Structure formats: C-alpha cells, structure tokens
Amino acid sequence: MAQTSSGPAILVEGLTKSFGDVHALRGIDLSVPRGTVLGVLGPNGAGKTTAVRILTTLLLPDGGRAVVEGHDVVRDAAAVRRSIGLSGQSAAIQEELTGRENLEIIGRLYHLSWPSARSRAAELLKQFDLLDAADRAAKNFSGGMQRRLDLAASLVGQPQVLFLDEPTTGLDPRSRLGMWDIIRSLVAGGTTLLLTTQYLDEADELADEIVVIDRGLVIAAGTAEDLKGRVGGDVLEFTVPDRRRVAAAVAALAQISKGEPHVDAETGVVSVGVGGGGSEALIQAVRGLDGAGVDTRGLTLRRPSLDDVFLALTGHAAEEEEQGAKRRRGRRGRQKAGQDAAGKDAAGSDTVKGRAS
Amino acid sequence: MTAVIAVPAGVPAGEPSLLARARWAVSDTLTITRRNLLVWVRVPAYIVFTVIQPVMFVLLFRYVFGGAIHVPGSVHYVNFLMPGIIGQTAAFATFGTAIALAQELKKGVIDRLRSMPMARSAVLAGRLVADTGRMLVTILIVIGVGYAVGFRFENGVVPAILMVVLATVFGLAICCISAYTGLAIGDEESVQAFGLIWLFPLTFLSSAFVPIQTMPGWLQAFANNQPVTYVINTMRALALGHQPIEANLLKSIACLAGIFIVFLPLAVRAYKRAS
C-alpha cells in the first residue's frame, strides 16, 4: 500500500475529470518531491481548483491516479486527509466566532485534547501575527487577517502536504507580500506545498517548479527562469498610435528583442521580451524608436506576467483563450484573469451544474 | 528498502478501529454542536428572530384573526390554535438549518471539514443536534407566550410533554428535508425562497390554524391527508384530550418515519458530494 518514504509527496498520472461536457482536466501529470513547492499557474477555468479538489479528496476523478504521501486519493482518502492541509479561495472560517475559537475547534476536530487544541491555537495565532485580534469575532478581521486565519486553520493538524488554492487572490498588495512571507517560512520548515495562482510573479517568488495548465492540460513545466526565458525575460510594452508605423517600431527593436514580438493589431499595443537587460534595454529601445521616428505612448518595462507566458506558449493571451473555449462560462470569461477577487475556478461552478443534471 | 520493512505492514499507521471511529464520530458531533451553539451565544439575534416570528403568529391569530374563526365544539380558539402554532414553529425553525448549511458550503467551511480526518457524519449530526436544541427552546418560549394569552394544556402533564416531544421529532424530520435542500441548492437566498415555497403551503393548508371543514372540498382533500395535519391533530389530541388519538398518531409516525428514511440519506449524500 504505502510507497517508500523516498517517493514524491504528490504524484499525479493522467488525471481526468469532466463535468457534463466540460472537460476540466484532460489528463495531467504532476510530481512534487517532498519539501518542495510546486506552483500551478493558469487562468480562471484552467482546471487548477479541480485538481486541488481531487488531491484533497473533495472530488472523485474520472480517470488517472493521484497519490499524496503514498496514499491513493480515492482508495485511501482517510489516510490522505490525515496528511494534508487545505486553504481554499475564500476564508473558510466561522465569522461569528473569534480567531482563537476557530482554531481551537479545528484542533478538536483533529482530535487534539482541549489543552493541546488551546496551545496549538495560541501557537498559530502568534505565528500568524493574530494574537492582538485573537479574541475578536473573525467577521471584524480585515481580508488579509481572515486569510491568515484560514491558512492557520489549515496548519492545525501539522500537515506534511499543504494545498493553497490562490492564497492571495483578492488581497491588497501589502497583505499579499505578508502572505508570501508566511508561506516562505512554512516551506522553510519542510512542508511540501502545492500552490495555485494566476500570478507569474507569485509562482516565481514561492515555487521551486512551476507547471502552467490551460484547459485541463499541462502546457509547460519548469522553473520560473525557464518560463521567463520562453517569454524572453522582462517585457517592453508600448502603444503605437499610428498603426501604419507598427512595423517600423518592431524593426527598430530587432536588436534588443529576445523573443518574438507580439503585436495587437486592434489596439496597436506592441510587447516584446528584452531579457534581463533592465534600464539598459529601455534606453536602447527609446534610442531605436527615436531613430526610426516612431511615436509611442505608455512605454514601460515590466516583469513578465501570466498573459505573457500564455502569449509565448500558445500565441494568444489567457483571457482570449477563456472567451473562445468557454463561452458557456460567460460571466467568468469576461473577467480579466488576475482581477477576479471572489471568482472561483470555473470548474467549481460546473460542479454544481454537473450535480444538478 | 529496509526502511520500508521496518514499518509493521499489518498495522497501518493511524487507521483507527471501529470503536475508536465511533467514539470520534460522537466527539466530532459534539464539537460541531458546541460550535453551532457558540455562534448563537455570540449572535443571540439569530435565536431572537426565530422566536419573534411564531410569537407574532400567536398574537396575530389570537387577537386579529381568532375572533372570526369558529371552532366546532366547546374548544376555545386559543387552545385549538396553540398546537398548530407549535407545529409550525418547529417546521419554520428549520429555515435556519438550510441557510446555515448553504452558507457553510458557499464559504468553503464544508470543504475544509471534508478535507479533514474527522467523522463525515459529524457536520450534519452536529447541525441537527444544535438546531433541535434551538427548536426546543423556541417551542418552550412559544408555549409560555401561549399561556400568557390564555392557552392551557387540558390533558395533564405527561401528554403535554409528549406533545412537545412529538413537535420536536416532527421538527427534526423537517430539519432533514431542510438540510438536504440547503446542501443541494447551496445558495442561501435561493434556499430561503425555496423554503417558503414548500413550507408555507404545507403548514397553512393543514389543520394548524383553522378547522379543515371550512375549506373548499378540493382543498380539504389535500389538507386532510398530509403529514402536517396528522401531526398537529395528534398534538392537539395530546394537549386537549378531546379527540381520539390513535389514527392520527399512527399516520404521524408513518409519515415521519418515511421522511427520515428518504431525506436523511439524501442529506448525507448531498454532504458527501457537496462542492
């Protein structure tokens, strides 16, 4: 039954799951060595949440196999539940109760004695900087504090493997940085982590390995550096108001381009990877464009985003993809990937649909 | 490989025995019950609102509609009314069950609990235990208010207690239906609207508030043959002792058993599949 203790913490082979005619997962493979962090990167509706739900025993797969800490998620779900922690997209806490009560109750449900549940709660409140607010009702917590409490709740049972489904979606930038610090300290303690995110920079900050999934398939895997390499490093982006001059602009940047430049014919937005050259690349770009006599607006140099990765891997942006492939999920398709604070993975809503039919 | 063999294969680490599992199921249920009760301690408004509605109904029917409703025989209307109100109170108290479960589902609380190594029955069981407690408190308060406006048990203490027990069991049965709808629908506003759609007709098209003989014939056919009428007639017989009880009691038991047999498994299934 159990695998040798040297096996990967998470092993996924050919996992499939459909909800009616929506194929949320079309055969994904993953392997996460113990003590490492896997970032699962993808837009809304890519299948991230479906994968997490299967791995945490909340959903049965249609096909394939998933093993967590040596336990099959279907045949040995109870053993999987003893080794994992899950923090989903919304703060799954009892808002009427205090932060401390929330954690103590979770501790009791992990079958700790009352004294142990109390001391574990106190320990986590301290670790997550919630001691001052510990005895206030959780509904009075800020969004960031609620997410921290939720994360703390997922750690009460001291899981070997932790699943975080979009841990920073909907948080303000400062809370997001705070959350990153917390996650880093957890990982330093040796916990295996699978993290889903829509942000390349988040995966870059936290993950050892990244897989990019789209429409239920893994379309790329590697380190953050690998992926950024595919994009061509940092991205130079600008708008050419006079559409006829776009070709001249692209030609003027040929020297510093590290990847295939992408031109949006409709909006006149040009984006091109320029490697890690920093401000030097910017100066050269300005000189080149000036030399070619091209007028531009909004010239910026920025870190590559999920959209850039998608552009490089699939030739089109993540949100276009969603609109094309998932018209049925109209509401979600229209939301820009990365802005959807409360939005769940589209597959989540299809679960409801699948159950109703 | 030697490291693997060192672990005794016959004793899977942490796989609890049947007895231990049963003990944890009870302990987990109590923990969830405690959590739910604690919520009401923190936000008493939840209970207050559950109580206000039936109290308003008592006053409304006692003083506004009551004068126009004639009950056959020598029974005073307030005595006719109270068993009906108590039955309705028990049924309506289950709105809270459906809404709470739908909220927990939406917020991801149920996902969290389902991903934990706790007894799978505990969330539903703890909810039913706590909600039954809340229902009982509400019923006792409503009886108190009934006494203040002239209601009296006329059949002795034991039948009066049995009436409260029957009302509670009836409420628990309705609770199973509500738990199922809460988990199956999973959206608190829809759940609330849906609750009105089936609970209102079921309680009002019964013997709860008026004698069924005053309804048109086609409606009598329904009102005379539905579970709420059976239960309330039984409660009325227990409270007042004017009518024979057996037929209605047997029908009540059959209906309530049927509801438990159908809806308890449905609710459990909806919990296991909840997403």
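The values are calculated or read from the model by the stated rules, or taken from the named source; none is laboratory data. Worth saying up front: this structure is predicted, and the values here are computed from it rather than measured. Positions of Cβ are backbone-derived with ideal geometry, glycine not excepted, and every protein chain shown enters the neighbour counts.
Details
- Some residue of segment A:73-84 being basic (Lys, Arg), within 10 Å of another protein chain (Cβ to nearest Cβ) and crowded, with 21+ Cβ neighbours inside 10 Å: yes
- Residue that is farthest from B:Cys176 (Cα to Cα) [pool: residues in segment B:117-134 that are among the aliphatic types (A, V, I, L, M) and out of contact with any Phe, Trp or Tyr (no Cβ under 6 Å at 6 or more places or on another chain)]: B:Met118
To keep it simple, each residue is scored yes or no on (1) among the polar types (S, T, N, Q); (2) under 15 Å from the mean Cα position of the chain (by Cα).
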| residue | (1), (2) |
| --- | --- |
| B:Phe170 | no, yes |
| B:Gly186 | no, no |
| B:Gln220 | yes, no |
| B:Thr234 | yes, no |
| B:Ala247 | no, no |
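- Within segment A:49-67, residues that are crowded, with 24+ Cβ neighbours inside 10 Å have Cβ atoms under 7 Å from residues that are among the aromatic types (Phe, Trp, Tyr) in these pairs: A:Val52/A:Phe163; A:Leu55/A:Phe163; A:Thr56/A:Phe163, counting only partners at least 6 apart in sequence or on another chain.
- Tabulated pairs, segment B:249-275, first within 26 Å of B:Gly186 (Cα to Cα), second surrounded by fewer than 20 Cβ atoms within 10 Å (Cβ to Cβ) and among the basic types (Lys, Arg), C-beta under 8 angstrom, 6+ apart or interchain: B:Tyr271/B:Arg120; B:Lys272/B:Arg120; B:Arg273/A:Arg355; B:Ser275/A:Arg355
- Breaking point among (1) within 12 Å of chain B (Cβ to nearest Cβ); (2) at positive phi, for A:Asp129: (1)
- Filter result (touching a residue at least 24 places away in the same chain (Cβ under 8 Å) and either touching a strand residue (DSSP E or B) at 6+ places or on another chain (Cβ under 6 Å) or not in a loop (DSSP other than H, G, I, E, B) (or both)) within segment A:97-116: A:Thr98, A:Gly99, A:Arg100, A:Asn102, A:Leu103, A:Ile106, A:Gly107
- Candidate set from segment B:43-102 (those that are among the polar types (S, T, N, Q) and surrounded by fewer than 24 Cβ atoms within 10 Å (Cβ to Cβ)); member that is farthest from A:Glu96 (Cα to Cα): B:Ser74
- Output for segment A:102-142, where each listed residue is crowded, with 21+ Cβ neighbours inside 10 Å and among the basic types (Lys, Arg): A:Arg108, A:Arg120
- Of all residues in segment B:59-78, those that are under 17 Å from B:Gly146 (Cβ atoms) have Cβ atoms under 9 Å from Cβ atoms of residues that are modelled with pLDDT under 90 and among the small types (Gly, Ala, Ser), 6 or more apart or on another chain, in B:Leu60/B:Gly66; B:Tyr77/B:Gly66; B:Tyr77/B:Gly67; B:Val78/B:Gly66.
- Residues within segment B:105-142 that are among the charged types (D, E, K, R), within 14 Å of another protein chain (Cβ to nearest Cβ) and not in a loop (DSSP other than H, G, I, E, B), tallied: 6
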